[in-house]
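Before any comments, here is the structure.
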Amino acid sequence: MNLNSLASQYKNELLDNVLPFWLDKSPDKKYGGYFSCLTREGNVYDTDKFIWLQGREIWLFSMLYNKVEKRREWLDFAIMGGDFLKKYCHDGNFNWYFSVTRDGRPLVQPYNIFSYTFAAMAFAQLSLATGNREYADIAEKTFKIILEKGKNPKGIWNKAFPGTRDLQNFALPMILSNLSLQMEHLLEKKFLDQTIENCIHTIMDLFYRPELGIIVENITPDGNLCDSFEGRCVNPGHSIEAMWFIMDLGKRLNRPELIVKANEVALNMLEYGWDKKYGGIFYFKDRLGYPLQQLEWDQKLWWVHIESLITMAKGYKLTGNETSKKWFETIHEYTWNSFKDKEYPEWFGYLNRRGEVLLSLKGGKWKGCFHIPRGMYEIWKTLE
């Protein structure tokens, strides 16, 4: 398989199939913002708006405007979402709700750190696209709050009893390793560099366990393993996605050894997470092989596979590792055969272990305009 020739396949899928679907089906022309709960055909089946998905869609179209082409349609679309997010989706102090009603009334409290991270990411890119200082201020203030919430991201909405079994979760340092570069034009260099170094240390020295060859989802505050449901949990998709964030940081910092290490960790995680019977990557695993509490542990999810494709594409292009190329080819084959809807635009999100479609939706509470289009863009640009 000639990977260079695949660049146009990913580019065309992005520009001709995926983006037109969201531009046509997701805008709320009455109240602003975007619908994310869309059927296979693109019909709205629920009008609630989830802040992390609003932020992701704003970010995507702002980023494409900044990096691909100055299409006014893309910018106007992003601004429309940004205006809704700014007006309705926080409490006045940039604590970002998890969800609001169609017309912007708060539904769920700001417990989810991803609402904050993707609001910051959205307004950072939108400020770059528009030059609007208000957007930049929102991104900077939100980023500061994210860092302040580092040890307890859920804050007062954390259900865990304090002090009994405190755990540090992988999600925040993982997303910060990507968000920090998205915020680069707004942050003071010394502060940015320190944030990046903290992310690299936390991910590669604490959550990555060389004695196991894998990344775990939760560790104790002092950086040790914990033998509990949460402490044994492994999310191969999270781990593999994080490795292309680390590769991007390695490229920016001119650290080829960091890129090589990230690629090796990703290859280990793929080998560990791959379903050798049916193909595809498991959603969750238990590092000791015990039964999982997540009933969806053996499902095959869209984002896990598209993020793995990005990581393997970057791993091969940056290191020349032939194993990365082989894995890219394997995942490419599985992903395009299993997740792409051959009748309607956009892609399926949820398959059972055997690779059969579980839910035909194109968007919902957890799937929106993000992983598929971002993946198409990253792979296109990496391979061309």
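Derivation of every value follows stated rules applied to the coordinates shown; laboratory data play no part. Only a predicted model underlies this, so the values are computations on that prediction, with no experimental measurement involved. Glycine also receives a Cβ, built like all others from the backbone with ideal geometry; neighbour counts cover every protein chain displayed.
For the chain, the 222 nm mean residue ellipticity estimated from helices alone, with every DSSP H stretch of n ≥ 4 adding -39500 (n - 2.57) and the total spread over all residues, rounds to -16500 deg cm²/dmol. Each residue of segment 120-134 was assigned a 3J(HN,Hα) from its phi angle through the Karplus expression (A = 6.51, B = -1.76, C = 1.60, θ = phi - 60°), giving 4, 5, 4, 6, 5, 5, 5, 5, 5, 6, 10, x, 6, 5, 4 Hz with x at Gly and Pro.
The simple spin-label model puts a point 7 Å past each Cα toward its Cβ; for E257 and K29 those points are separated by 5.8 nm.
The GluC sites (Glu not before Pro) of segment 47-98 that meet both conditions, a loop assignment by DSSP and at most 13 other Cβ atoms within 10 Å of the site Cβ, are E69. The trypsin sites (Lys or Arg not before Pro) of segment 244-296 meeting both criteria, a DSSP state outside H, G, I, E and B (loop) and at most 11 other C-beta atoms within 10 angstrom of the site's C-beta, are K276, K277. Inter-label distance, N198 to E296: 3.0 nm, where each label sits 7 Å from its Cα along the C-beta direction. When the chain is treated as a GNM with alpha-carbon contacts under 10 Å, the residue of N268, N93, N17 showing the greatest mean-square fluctuation is N93. Sequentially through segment 272-283, phi angles give Karplus couplings (6.51, -1.76, 1.60; θ = phi - 60°) of 5, x, 6, 7, 6, 8, 10, x, x, 10, 5, 6 Hz, Gly and Pro residues having no value and appearing as x. Placing +1 on the Cβ of every Lys and Arg and -1 on the Cβ of every Asp and Glu, with nothing else charged, gives segment 160-338 a dipole about its Cα centre of roughly 360 debye.
Here the Karplus curve 6.51 cos²θ - 1.76 cosθ + 1.60, taken at θ = phi - 60°, turns the phi angles of segment 315-323 into couplings of x, 5, 5, 8, 10, x, 5, 5, 5 Hz, with x standing for Gly and Pro. With the cut-off at under 11 Å, measuring from each backbone N in segment 158-178 to a point 7 Å along the Cα-to-Cβ line of L225 picks out no residue. Looking at the square roots a ≥ b ≥ c of the eigenvalues of the Cα gyration tensor of segment 160-338, which shape do they give, rounded for a/c under 1.5, prolate if a/b is larger than b/c, or oblate? Judged from the Cα gyration tensor, segment 160-338 comes out oblate (a/c at least 1.5, b/c at or above a/b). The chain has equivalent-ellipsoid semi-axes of 28, 26, 22 Å, by the square roots of 5 times the alpha carbon gyration tensor eigenvalues, sorted largest first.
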